[in-house]
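Chemist: If you scroll down you'll find the structure; I have some questions about it.
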Amino acid sequence: MKSVCRILSLLMALLVGGQVLAASQEIAGVWRGKLQVDPKTAMTIDFTFARKPDGHYSAVLDSPTGGAIKNVAAKVVSLQDDTLKVEVPALSGAFNGTVKAGSIEGKWAQPGGSFPLVLSPYQKPRMSKADSDTIVGTWSGPLRQPVPLTFVLRFKLGEQGDLQGSLAVPEQGSNEFPMAEAEFGSGKLTFKLPVVQGEFAASYANGVLEGVWKQPGNPPNGVPVTLKKGEVAAMVHVLKLSGESFAAVSGEWRGTLKVKNPQGQEISLPLVMQFVTDERAEMIGFIDSPAQGLKNMPVTEAGVAGGKFVAKLGAIGAEYRGDLSGNTLKGEWVQGPQRVPLTFTRQQ
């Protein structure tokens, strides 16, 4: 599985707060719809409308699949003769719709185009006690693909009794990514992982979740995953370095990886590489990418010979090769077909 950070292209800082003129239908409550951003990308949009003491409406917008879009208050809301308008100056956009029996049909418009958006009343599902007893807790198991990875799912109940959860892949670091639209009932589990545009669906029977993980870049039919309840011990990759080689690279190194996104724009990604000893005095290494929210990605192999340095990150199919000169490493980051220049400097 690739650790991808495409969520930046989807973020909408939707700021709204509101007035209303005259309403012929009551819209207080939560309304949910799907916004088809492009043929392969759909975002879940929630509008929460509430009556203020003066009879006007306020609105809050959330996107369970949009990462940073949470509890964003509205700027202008008007409802007159069943015509609803929500203006979003921060996005130079607006939603215009018609309130009907059981739905609000309209369009979201912003520079570059408009997108159909149909909203329906929504209430977060509440699970039965039997279902919550079954699913709440930690589940772990293998993701069956050429590079062996482990999925760790953690579930809990929110204040409203809704299912909340996170997903971690220990081989790729100590990162826990929040789920969206997590639901469990009638032996079926589903959730989405917005940060990597992933989704998971599984069936439960006899203490086992048998499911399929789907994510851009993986096979169209997804990758099989088998999960059982219980924690999994994180694998420690002890580096086979001599004392002299370890001393040459120990400490914290910082560099900036400059890559291009799918739109051709250059993005700067600061990286932090560290080589330390753990509580058992074993030599270990890891890399952080703070801008992507990725931390403690383990270095699975490392070597120093003749002024040449190499560090491999097996779980993401990447490695760094460089020339070592004192506190400077000058080389390149290699991942798939990409070879990008990268210089690290040891911090004093």
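Chemist: Consider THR256 carefully, then state whether it is surrounded by 12 or more Cβ atoms within 10 Å (Cβ to Cβ), more than 22 Å from ARG321 (Cβ to Cβ) and among the polar types (S, T, N, Q).
Modeler: Criteria not met by THR256.
Chemist: I would also like to ask the following. Suppose we filter region 243-262 for residues that are among the aliphatic types (A, V, I, L, M) and part of a strand (DSSP E or B); how many remain?
Modeler: 2
Chemist: Strands (runs of 3 or more DSSP E) wholly in region 67-115 with at least 1 residues that are among the aromatic types (Phe, Trp, Tyr) - which ones?
Modeler: Where strands (runs of 3 or more DSSP E) fall fully within region 67-115 and carry at least 1 residues being among the aromatic types (Phe, Trp, Tyr), they are 93-100, 103-110.
Chemist: Please verify whether LEU329 is modelled with pLDDT of 95 or more and either surrounded by 15 or more Cβ atoms within 10 Å (Cβ to Cβ) or of a type in the set (Val, Ile, Thr) (or both), treating the condition exactly as stated.
Modeler: yes
Chemist: For the subset of region 281-308 comprising residues that are within 19 Å of the chain's Cα centre (by Cα) and polar (S, T, N, Q), which member is nearest to VAL238 (Cα to Cα)?
Modeler: For region 281-308, the residue satisfying everything is ASN296.
Chemist: For region 277-308, what are the residues that are farther than 14 Å from PHE344 by Cβ, aliphatic (A, V, I, L, M) and surrounded by 14 or more Cβ atoms within 10 Å (Cβ to Cβ)?
Modeler: Within region 277-308, MET283, ILE284, ALA291, LEU294, MET297 meet the criteria.
Chemist: Of all residues in region 116-136, which are in contact with a Phe, Trp or Tyr (Cβ under 6 Å, 6 or more places away or on another chain) and more than 25 Å from ALA28 (Cβ to Cβ)?
Modeler: Once the filter is applied, which keeps residues that are in contact with a Phe, Trp or Tyr (Cβ under 6 Å, 6 or more places away or on another chain) and more than 25 Å from ALA28 (Cβ to Cβ), region 116-136 yields ASP131, ILE135, VAL136.
Chemist: Could you tell me which residue of region 215-248 is surrounded by the fewest Cβ atoms within 10 Å (Cβ to Cβ), considering only residues that are at pLDDT 90 or above and of a type in the set (S, T, N, Q)?
Modeler: So, considering only residues that are at pLDDT 90 or above and of a type in the set (S, T, N, Q), the one surrounded by the fewest Cβ atoms within 10 Å (Cβ to Cβ) is SER242.
Chemist: If THR226 passes every condition in (1) polar (S, T, N, Q); (2) in a loop (DSSP other than H, G, I, E, B); (3) touching a residue at least 60 places away in the same chain (Cβ under 8 Å) but one, which one does it miss?
Modeler: In the conditions (1) polar (S, T, N, Q); (2) in a loop (DSSP other than H, G, I, E, B); (3) touching a residue at least 60 places away in the same chain (Cβ under 8 Å), THR226 misses (2) alone.
Chemist: So which residues in region 88-112 are surrounded by fewer than 19 Cβ atoms within 10 Å (Cβ to Cβ) and not small (Gly, Ala, Ser)?
Modeler: PRO89, LEU91, ASN96, THR98, LYS100, GLU105, LYS107, GLN110, PRO111
Chemist: Just name the residue that is surrounded by the fewest Cβ atoms within 10 Å (Cβ to Cβ) out of those in region 64-80 that are of a type outside the set (D, E, K, R) and at pLDDT 80 or above.
Modeler: GLN80
Chemist: In region 27-47, what residues are among the hydroxyl-bearing types (Ser, Thr, Tyr) and modelled with pLDDT under 85?
Modeler: THR41
Chemist: Please determine whether any residue of region 98-107 is of a type outside the set (Gly, Ala, Ser), closer than 16 Å to LEU61 by Cβ and at pLDDT below 85.
Modeler: no
Chemist: Quick check on region 309-322. Is at least one of its residues surrounded by fewer than 18 Cβ atoms within 10 Å (Cβ to Cβ), touching a Leu at 6+ places or on another chain (Cβ under 9 Å) and not polar (S, T, N, Q)?
Modeler: Checking region 309-322: not a single residue is surrounded by fewer than 18 Cβ atoms within 10 Å (Cβ to Cβ), touching a Leu at 6+ places or on another chain (Cβ under 9 Å) and not polar (S, T, N, Q).
Chemist: Quick check: anything in region 144-160 out of contact with any strand residue (DSSP E or B) (no Cβ under 7 Å at 6 or more places or on another chain), in contact (Cβ under 8 Å) with a residue 12 or more places away in the chain and not assigned by TED's automatic domain parsing to the domain that holds PRO290?
Modeler: yes
Chemist: While we're looking at this one, here's another question. Name the residue, out of GLN164, GLN197, GLN172, that is in contact with a helix residue (DSSP H, G or I) (Cβ under 8 Å, 6 or more places away or on another chain) and on the phi < 0 side of the Ramachandran plot.
Modeler: Criteria check complete, one pass: GLN172.
The values are calculated or read from the model by the stated rules, or taken from the named source; none is laboratory data. Note that the coordinates shown come from a computational prediction; the quantities given were computed from them, not determined experimentally. Neighbour counts run over all protein chains shown; Cβ positions are idealised from the backbone, glycine included.
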